[in-house]
1. Among (1) surrounded by fewer than 16 Cβ atoms within 10 Å (Cβ to Cβ); (2) modelled with pLDDT of 85 or more; (3) touching a helix residue (DSSP H, G or I) at 6+ places or on another chain (Cβ under 9 Å), where does Gly118 come up short?
2. Kindly provide the set of residues from region 78-119 that are over 25 Å from Tyr48 (Cα atoms) and either in contact with a Phe, Trp or Tyr (Cβ under 6 Å, 6 or more places away or on another chain) or of a type in the set (A, V, I, L, M, F, W, C) (or both), ordered by number.
3. Being within 15 Å of Ile98 (Cβ to Cβ), part of a helix (DSSP H, G or I) and open to solvent by less than 90 Å² (accessible area, probe 1.4 Å) is true for just one of Gly127, Gly136, Gly147. Which residue is that?
4. Can you find a residue that is modelled with pLDDT under 90 and either of a type in the set (Val, Ile, Thr) or open to solvent by 50 Å² or more (accessible area, probe 1.4 Å) (or both) anywhere in region 38-54?
5. Tell me the residue from Leu61, Leu85, Leu81 that is surrounded by fewer than 22 Cβ atoms within 10 Å (Cβ to Cβ), modelled with pLDDT of 90 or more, over 20 Å from Gln163 (Cα atoms) and of a type in the set (A, V, I, L, M), please.
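The values are calculated or read from the model by the stated rules, or taken from the named source; none is laboratory data. In this text, all values refer to a predicted model and were calculated from it rather than measured experimentally. Every residue, glycine as well, gets a Cβ built from its backbone with ideal geometry; the counts of neighbours run over all protein chains shown. We work out accessible area using only protein heavy atoms, side chains counted, and drop any ligands, DNA or RNA first. Shrake-Rupley method; radii C 1.70, N 1.55, O 1.52, S 1.80 Å.
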Amino acid sequence: MSTLASAYGAPDDDAPDDVRDKQVLALASRLYGLYTACVYLTPLFGGYLADRFFGAHPLILVGASLMGCGHAALAHRPAFLLGALLIVLGNGCFKPNISTRVGSLYERGDRRRDVAFGIFYCGINLGAALAPLVAGSLHRREGYEAGFLSAAFGMAVCLVTYQGLQWVITDSLRRKGTHRGGSEIGRASCRERV
């Protein structure tokens, strides 16, 4: 993120190089700090919204869509900050709820639950390893815009895959009796209040 902020310019593009470099570093540091703080803070709200109001599935869809739109917006220089905001909000909706969704597929103590999390984290790590290679090579050949658009395309593929496999997820949740997809803690605390 700090590299991208510096690549997109400083507050005063007409300043001498040494002044501009300091402005870019200051701007990049502030943006990166704010972005990182929000990425870690927003999942608290996303988890709360899923447990109390919407369930995990709708917020996973909203989160993935927002992150995809955010990456597409980053491809357009004037929309850089809007794109970062969309990614932060999407992360808040997506991150806590996708893990909850995986955990809700099997009962606690079921060995398949550990396997499901293993597959889930392998997919995350594979994406984290391949994404910089793909976006970096596209950036070199086509520019920053192509790198950002490849991330948006990747989110769209993930969203289609998740939706395409809903029949598997829904079947597992029905057998378990937790079709809504919220966390067990959230459902238990709601039952206690009733």
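1. The one condition Gly118 does not meet is (3).
2. Result: Ala79, Phe80, Leu81, Arg112, Val115, Ile119.
3. Values: Gly136 fails: within 15 Å of Ile98 (Cβ to Cβ); Gly147 fails: within 15 Å of Ile98 (Cβ to Cβ).
The unique qualifying residue is Gly127.
4. As a first pass, look at region 38-54 and keep what is modelled with pLDDT under 90: none.
No, region 38-54 has no match at all.
5. Values: Leu61 fails: over 20 Å from Gln163 (Cα atoms); Leu81 fails: modelled with pLDDT of 90 or more.
Only one candidate passes the filter, namely Leu85.
A quick yes/no check of all residues on (1) farther than 21 Å from Gly47 by Cβ; (2) aromatic (Phe, Trp, Tyr):
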residue: Leu82; (1), (2): yes, no
residue: Phe94; (1), (2): no, yes
residue: Thr100; (1), (2): no, no
residue: Ser104; (1), (2): no, no
residue: His139; (1), (2): yes, no
residue: Gly143; (1), (2): yes, no
residue: Gly154; (1), (2): yes, no
residue: Val160; (1), (2): yes, no
